[in-house]
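I have placed the structure first, in the form of structure tokens, so that the comments after it can refer back to it.
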Amino acid sequence: MQYIPNIIFLLLLIVGVGYFTFNIKKVIRNIKLGLPVSVSDKGQRWANVGRIAIGQSKMVVRPVSGAMHIIVYLGFIIINIEVLEIIIDGLFGTHRIFSSYLGSFYGVLIGTFEILALLVLVSVIVFWIRRNIIKLKRFMSPEMKGWPKNDGNAILYFEMVLMSLFLIMNATDVHFQEMDNGNVISQYIASWFSGTSEGTLHIIERASWWIHITGILIFLNYLYFSKHLHIMLAFPNVFFGRVTPKGQFKNNEAVTKEVKMMMDPNIDPFAAPPAGEEQAVPAKFGASDVMDLTQVQLLNAYTCTECGRCTSECPANITGKKLSPRKIMMDTRDRLEEVGKNLDANKGVFVPDNKQLLGDYISEEELWACTSCNACVEACPVSIDPLSIIMEMRQYLVMEKSAAPNELNVTMTNIENNGAPWPFNQQDRLNWKNE
């Protein structure tokens, strides 16, 4: 009978970690539906991980929210070190096993955890107030209604409960309080339970312990359904993020070759490519669905935190246009999830559903509202690039559907006929000098 709690804990751990692993494999499969991307400049990429992902350098551009996010970020990383102790205690029936080996340093460690837990709790409450009472504009956009809003609040409630349970667990642990080493916050909470019998305190402590670890496993599995998947994906996303200048667009090799043939009459358009070189002709120009995007762009979609910094910096959105870079990423993720469910339902084979990202999720109006200024890319704290998706779909509209706006068609016609975007013959360009 004495081993029943350990067996229950082991089963809980296996189910929690197993279900999480199962869902993460689906995320990886969905991301791999995209086109592969070669990676270079690994030194620069690792430097970005250190500066942006670990150092949170782009978060602190907005000092208030940035500082609070760093507290929550550090709090969860450091406090969850104690999860290792909880797992060992749960599996082997020990109690605060590290205290036997770490001596006085154990008190320093737990004391640090308690201070961070309190700071995290305060920060999360402030985040909740900003979302639900102050109602910051970037959290009130149309795409943030319904599930996105509820999801954001659910995460905050999770964090409040987990931090509170951690402190209550410490406060009602009679042995820990008697040590008087590391109980820098919980000693004040312990006074709330003065006069409570030791047996009742033990029940409260055990209940807090079980609910705390169960809550952590539930939170772990909730990540798959939540925007907070970025907790894990932010690091690889920053690594694979853009390292070339933001204003630099990649050239399409097939288009480049066509232009060269137009400009150089000595090039034989029917000549076979040199030995070892393949004819660079894509199956489709641009992208109309998630399978046409790259794996990095799909990773971007899963990493989006829905913080809205991109949309709040977007000049098109600020001036009332329909475009929201955040919505672009959310729509891409939603469509990718829909494709993933299609694969699940059909044993790994995608069955055409007469839907696509362009049109069913993202409208042409949104795409053409973009000024390609890169403000959204610069603002993102985890190196997401909404502009690259917008430009891919624009390319599809122009080169596959001939569906560019009339103003752009006129400009391209002028460039083709006059060598400039203006409707003036080249011979007439300098007429103004004679006037």
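The values are calculated or read from the model by the stated rules, or taken from the named source; none is laboratory data. The model shown is predicted, which means the values in this text are computed figures rather than measured ones. Counting neighbours? That spans all protein chains shown, and the Cβs are built from the backbone with ideal geometry, glycine included. Please note that ligands, DNA and RNA were not included when accessible areas were found on the heavy atoms of the full protein model with its side chains. Shrake-Rupley method; radii C 1.70, N 1.55, O 1.52, S 1.80 Å.
Scan the range 187-204 and report the pairs whose first residue is without any contact (Cβ under 8 Å) to a residue 24 or more places away in the chain and whose second residue is open to solvent by 60 Å² or more (accessible area, probe 1.4 Å) and part of a loop (DSSP other than H, G, I, E, B), with Cβ atoms within less than 6 Å and a gap of 6+ or a chain change.
Listed by first residue and then by second, the contacts come to nothing, as the list is empty.
Evaluate the range 210-221: report whether one residue or more is assigned to a helix (DSSP H, G or I), without any contact (Cβ under 8 Å) to a residue 12 or more places away in the chain and open to solvent by 20 Å² or more (accessible area, probe 1.4 Å).
Among the residues of the range 210-221, at least one is assigned to a helix (DSSP H, G or I), without any contact (Cβ under 8 Å) to a residue 12 or more places away in the chain and open to solvent by 20 Å² or more (accessible area, probe 1.4 Å), which makes the answer yes.
Of these, R29, R96, R45, R51, which one is open to solvent by 40 Å² or more (accessible area, probe 1.4 Å) and touching a residue at least 60 places away in the same chain (Cβ under 8 Å)?
R29
Only one of (1) part of a helix (DSSP H, G or I); (2) of a type outside the set (D, E); (3) in contact with a Phe, Trp or Tyr (Cβ under 8 Å, 6 or more places away or on another chain) is not met by Q177, so which one is it?
Of the numbered conditions (1) part of a helix (DSSP H, G or I); (2) of a type outside the set (D, E); (3) in contact with a Phe, Trp or Tyr (Cβ under 8 Å, 6 or more places away or on another chain), the odd one out for Q177 is (3).
So which of N23, N80 is open to solvent by less than 30 Å² (accessible area, probe 1.4 Å), polar (S, T, N, Q), closer than 27 Å to Y224 by Cα and out of contact with any Asp or Glu (no Cβ under 8 Å at 6 or more places or on another chain)?
Of N23, N80, the one residue that is open to solvent by less than 30 Å² (accessible area, probe 1.4 Å), polar (S, T, N, Q), closer than 27 Å to Y224 by Cα and out of contact with any Asp or Glu (no Cβ under 8 Å at 6 or more places or on another chain) is N23.
Which residue, of Y73, Y106, is outside the structural domain of A379 (by TED's automatic domain parsing), under 30 Å from G241 (Cβ atoms), of a type in the set (F, W, Y) and surrounded by 12 or more Cβ atoms within 10 Å (Cβ to Cβ)?
One residue alone meets the criteria, Y73.
Can you name the condition, by its number, that Y224 falls short on among (1) surrounded by fewer than 16 Cβ atoms within 10 Å (Cβ to Cβ); (2) over 25 Å from P5 (Cβ atoms); (3) under 40 Å from the mean Cα position of the chain (by Cα)?
Just one mismatch for Y224, condition (1).
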